[in-house]
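To start, the structure under review is shown below, and the notes come after it.
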Amino acid sequence: MTSPNTRAWLVAAISAVLLATWAFDEAVAGANSGVASPAAKSSAMVTGGGYTSQPIGHYDFCKRLPAECAIRSHDNGPERLTKNLWTLLAAINVKVNKAIKPMSDMVTYGKDEVWAYPANGVGDCEDYALLKRRMLNEKGLSLANLLITVVRKPDGEGHAVLTVRTDRGDFILDNLHNELRPWETTGYAFLKRQATTHAGRWVSIREGQTTLVGSVD
């Protein structure tokens, strides 16, 4: 098993290589096939009061990398959705999706629900989300606006995505879709997401909110 310092170095190296070699303009062409510009508008998810239970995979992630989950952020409001920010979000979403081969935790680690940064070019949904979150934070976005979110797909399977809070609403970066999507149009049931001010805490998505396409109860 690698040490925390070695793991941190590997993650930093992966992020640096990916960012150094990716052509963002090429990525945007593929990413914008659905929502073509930041003029598109979403709405803000409404969360319930107080904290809720932490996903077991994230709990174990925090035990392995406690510094990552001890981060506290000031919530100064959503990011301003400029053309440059849209370009950045689109590029990172597409290129992480292309760079990482989907592979289950059972195949990779021999057990389920292992949240980790992608290793050896493979990972599953939460691993994609963790890497996108780190890379966008390194580009200057506040962690208060980069929130890993647990959803349920229309087939009932659990899934993790990255929610980005903007002044035009909340948008989803998803390893199953290259386009950026308003959260309401995903067809997912939204269950919980990270708290804006504490990386190790989670809040529930207010019950009764539904998506517009193929939502589940």
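Within the stretch 168-200, which residues are of a type in the set (D, E, K, R), in contact with a strand residue (DSSP E or B) (Cβ under 7 Å, 6 or more places away or on another chain) and more than 16 Å from Tyr128 (Cβ to Cβ)?
Hits for the stretch 168-200 are Asp170, Lys192.
Looking at the structure I just gave you, is Val11 part of a helix (DSSP H, G or I), surrounded by 12 or more Cβ atoms within 10 Å (Cβ to Cβ), under 17 Å from the mean Cα position of the chain (by Cα) and at pLDDT 95 or above?
The answer is no for Val11.
Return the pair list, or none, for Cβ contacts closer than 6 Å from residues in the stretch 63-83 that are over 13 Å from His198 (Cβ atoms) to residues that are among the basic types (Lys, Arg), at least 6 apart or on different chains.
Close Cβ pairs (under 6 Å, with a partner that is among the basic types (Lys, Arg)) amount to Pro78/Arg165; Leu81/Arg168.
If you check Ala144, Ala90, Ala116, which single one turns out to be buried (at least 21 other Cβ atoms within 10 Å of the Cβ) and outside any helix (DSSP H, G or I)?
Criteria check complete, one pass: Ala116.
Restricting to the stretch 119-141, and then to whatever is without any contact (Cβ under 8 Å) to a residue 40 or more places away in the chain, surrounded by fewer than 22 Cβ atoms within 10 Å (Cβ to Cβ) and farther than 19 Å from Thr87 by Cα, can you tell me which residue is farthest from the chain's Cα centre (by Cα)?
Taking the candidates together, the pick is Asn120.
The values are calculated or read from the model by the stated rules, or taken from the named source; none is laboratory data. Just so you know, these numbers come straight off a predicted model, no measurement behind them. Don't worry about glycine lacking a Cβ; one is built from the backbone with ideal geometry, like all the others, and counts go over all protein chains shown.
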